Structure formats: structure tokens, C-alpha cells
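As C-alpha cells, the structure follows; a few thoughts come after it.
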Amino acid sequence: MGKRTIVAMPGDGIGKAVLDECIRVLDAAGFDANYVNGDIGWEFWCKEGDPLPERTIKLLEEHKIGLFGAITSKPKDKTAAELAPELQGKGYTYYSPIVTMRQHFNLDICMRPCLTYKGNPLNFIRRTANGGVEEPLIDVMIFRQNTEGLYGGVEWTNPSDQVYNAFLTHKKFVENFSWCPREELAISTRIFTKKYVTRIVKAAFEYAKKRGFSKITVCEKPNVIRETSGMMLKVAQEMSKAEYPNIWVEDVNIDAMTMWLTKNPENYNVIVAGNMFGDIVSDAFAGLIGGLGFATSAQFNPESGVCVFEPTHGSAPKYAGYETSIVNPIAMISSAVMMLEHIGENAIATRIKKAVADVIEEGKVRAYDMMKLKGTQEVINQGAASTKQMADAIIAKLK
């Protein structure tokens, strides 16, 4: 196989800082690739009216693999105000470019691992019954349906006659919302389809089978959101009976899950959820392994082969203006590890994973978040590693 081409999309804020250091680590580990820049983010919305330009879409169509940094999304009023003056009033509407990318390429399967690193001072600990302290091992993969649900973008403010009249056919709408003046009404939909619910559930079962786990946990709310959450639970239960009789299905409501994960997080290994609940539970678990500086994700379409790997943290624009970048690059580097595993570069992936784990366990080099410091430029003088220094330490372990 020839040298791979990776579409590198730094995005906004700290995205460039973490992606640059990630590529340095990949180079040092011996991953031989070409990187082409993909324009995406707030800058391109402001000056072009399109935060995901067609040229970037074409790059992903051609090369299939993307490494993405971070994105800035702002409320509706600010998106309009910051558009270039010559573009204002011409019908441009802002949509999150990462959500648009997921839907355009149908990157419906999202995997978000949360794994304890030995020696991380931010790891979750709890009291034992006798007053001691224990640190449970967290090893969970969250399968998030990535293109449907509440993030599907099917919503209205002051809905048209056609939309409003359709909602009037539902008894609950008539009973509870018909009193509201239409211009004061905002509606967002939660749409699940059996095809893509089945795909994400099957991906979760296959992962559990590969790892030797005996259950998957459906994290939804079928007792209240009966149709959509109910569909996911039913699909999982039927699939267990028909295809995976040795893997049982646990049903845990999203609100209960946020309680149980801080009591017994080691009880969960494979979780499957819709878009919003998957987003929530993955961030919640990330808090138990050190926060968003360690949270990573892969999203892909098994039919087209297009896949994008990204940390789940935001763009943190205030940090991007610092003379010395202080953000933790581990989430970005771990996202690249997921990319390597996806394309079969397992030896390189293993080397980088071990190097990251060794740096964390050794504890000599720590980013500001690992030292529980406030994210200011002064943390460098307080002993925190810069973004570059953290990458340097990982590279040194590779050697």
C-alpha cells in the first residue's frame, strides 16, 4: 500500500495547536503519511458563509480519512452578526460544520472510549465501606448514534401552516401546546430510523463479542420517550435473542445512568445510545478518567469508508490566544491512535498508546488540567507542561 493521505482539519481555537502536536507524534512513531489541510470552522463561516466548504468535502470524498481538531459554534444571533458584511441578508444559515459533515457522509457510528490511565491524578476515586479509598478501573466504549435524534436539525421556530397543522393531528400537542401563539413556538424533533438504530446496536454487540463482554447497556429513556428510545431497546433485545444469545441487554435510563456511573462505573463496558444521550453519557464518563483532555472519538460510515477522528473537547478560543499553548494534547493524540487501529496500523498504535500511558504513570510531565490548575498562561511558571512539552515527553517515550 502506498503512503496514506490524511485530511488534517484543525478547525477553530486550540484545534491547530493539538493537531500540530499530534502529527509530530505520528511522525515520530513512524507513521508515513501525507497531510492535506481541510478548511473548516468559524473563519470560513465569517468570510464565506460556509463553515464546511465544498473543497473540504471533496478532500474527504477522495482520501476517506480525516483528523479533526475542534470547532466553535455560537448562538443564532451571533452567527448572523459575525458574518462578513457583504454576505449578511443574503440567506446564509449557520449549521455546525461537524454535524453537517456527519450527516453528509452519514458517519452514523460514533465510538467514544473512556479508559483509566494508571497514575492519572484526575482519576475517579471513591470511599469504601470501611473508610478507605479505592480507584476502580474504567474501561467503557460508548456507541453513539451520530446522525439522527435531537441533533438531526429538523426544527422550526414559528412553524409554517403545513408543519403546525401536522402537529395538530397529535392529541398530546393539542392538549398541551395548542394554547401557545405560533410565533412563540419552537419545535425540535427526535427522529430515529430502524436502519441506523440497527447499525449502531450491531456495532455495540460486535465490540462486546470481540472483547468478551457478556452484556451491552442501552442508555435511553423508553419509559417516557416511548417511540424512539423504545425502538432502540427493542432492536437490541431482539438482536440479542437472534444473533448474540451470550450477550444480554441491560436497560438503564439516562438519568439513572448519570447516578450509577459515579457509584459503580466499573460495571459498564459497552453502552449504546442515541445522539444526545450518547453525548451526555460520554462526557460524564470522560469526567471519571480525567476530563475532556483525555476524551476521544471515532466516527465512520462502514459503507463508504469515510472516517473522521477527533477529541471531544471544544475549541477553547481564549486558550488559542496564549503565547504558549497550555492545552492537553492527549485527547487528540488518542484520537489518532483510534485512526491507526481503524486502518490496521496496530503496531504503531500500540507504541503510541504505551508512550502516553508511560508519561502519565511516570508523572514528571503534566498538563495544567492534570495539576488541577486554572487555565491561565501563568500555569507554565507553576510547573505545568505546555502542549509542545507534553508531546515532546510522549515522543521521548517512543524512542
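Val235 passes every criterion in (1) within 26 Å of Glu303 (Cβ to Cβ); (2) touching a strand residue (DSSP E or B) at 6+ places or on another chain (Cβ under 6 Å); (3) hydrophobic (A, V, I, L, M, F, W, C) apart from (2). Residues in the stretch 289-303 that are in a loop (DSSP other than H, G, I, E, B) and within 19 Å of Val272 (Cβ to Cβ) were compared, and the one that is farthest from the chain's Cα centre (by Cα) is Pro302.
For the stretch 214-241, residues that are in contact with a Gly (Cβ under 9 Å, 6 or more places away or on another chain) and assigned to a helix (DSSP H, G or I) total 3. Of all residues in the stretch 175-192, those being among the hydrophobic types (A, V, I, L, M, F, W, C) and either loosely packed, with under 10 Cβ neighbours inside 10 Å or touching a Leu at 6+ places or on another chain (Cβ under 6 Å) (or both) number 1.
Are any of the residues in the stretch 380-388 touching a residue at least 24 places away in the same chain (Cβ under 8 Å), within 19 Å of Lys318 (Cα to Cα) and among the charged types (D, E, K, R)? Yes, there is a match, as at least one residue in the stretch 380-388 is touching a residue at least 24 places away in the same chain (Cβ under 8 Å), within 19 Å of Lys318 (Cα to Cα) and among the charged types (D, E, K, R). Please determine whether any residue of the stretch 315-324 is out of contact with any helix residue (DSSP H, G or I) (no Cβ under 7 Å at 6 or more places or on another chain) and closer than 29 Å to Arg4 by Cα. So far as the stretch 315-324 goes, no, none of its residues is out of contact with any helix residue (DSSP H, G or I) (no Cβ under 7 Å at 6 or more places or on another chain) and closer than 29 Å to Arg4 by Cα.
Restricting attention to helices (runs of 4 or more DSSP H) lying wholly within the stretch 307-381, give those where 3 or more residues are assigned by TED's automatic domain parsing to the domain that holds Thr147 and at pLDDT 95 or above.
Working: elements: 317-320, 330-342, 346-362.
Passing ranges: none, list empty.
Each residue in the stretch 1-24 was checked for being assigned to a helix (DSSP H, G or I), touching a residue at least 24 places away in the same chain (Cβ under 8 Å) and not β-branched (Val, Ile, Thr), and 7 pass. Taken over the stretch 298-333, the residue count meeting the criterion of being surrounded by 24 or more Cβ atoms within 10 Å (Cβ to Cβ) and polar (S, T, N, Q) is 2. Scanning the stretch 107-159 for residues that are among the acidic types (Asp, Glu) and crowded, with 19+ Cβ neighbours inside 10 Å yields Asp108, Glu148. With respect to the conditions (1) in a helix (DSSP H, G or I); (2) in contact (Cβ under 8 Å) with a residue 12 or more places away in the chain, Asp27 lacks only one, and its number is (2).
The values are calculated or read from the model by the stated rules, or taken from the named source; none is laboratory data. Predicted model only: the values in this text are computed from it and were never measured. Glycine gets a Cβ as well: all are built from the backbone with ideal geometry, and neighbour counts include every protein chain shown.
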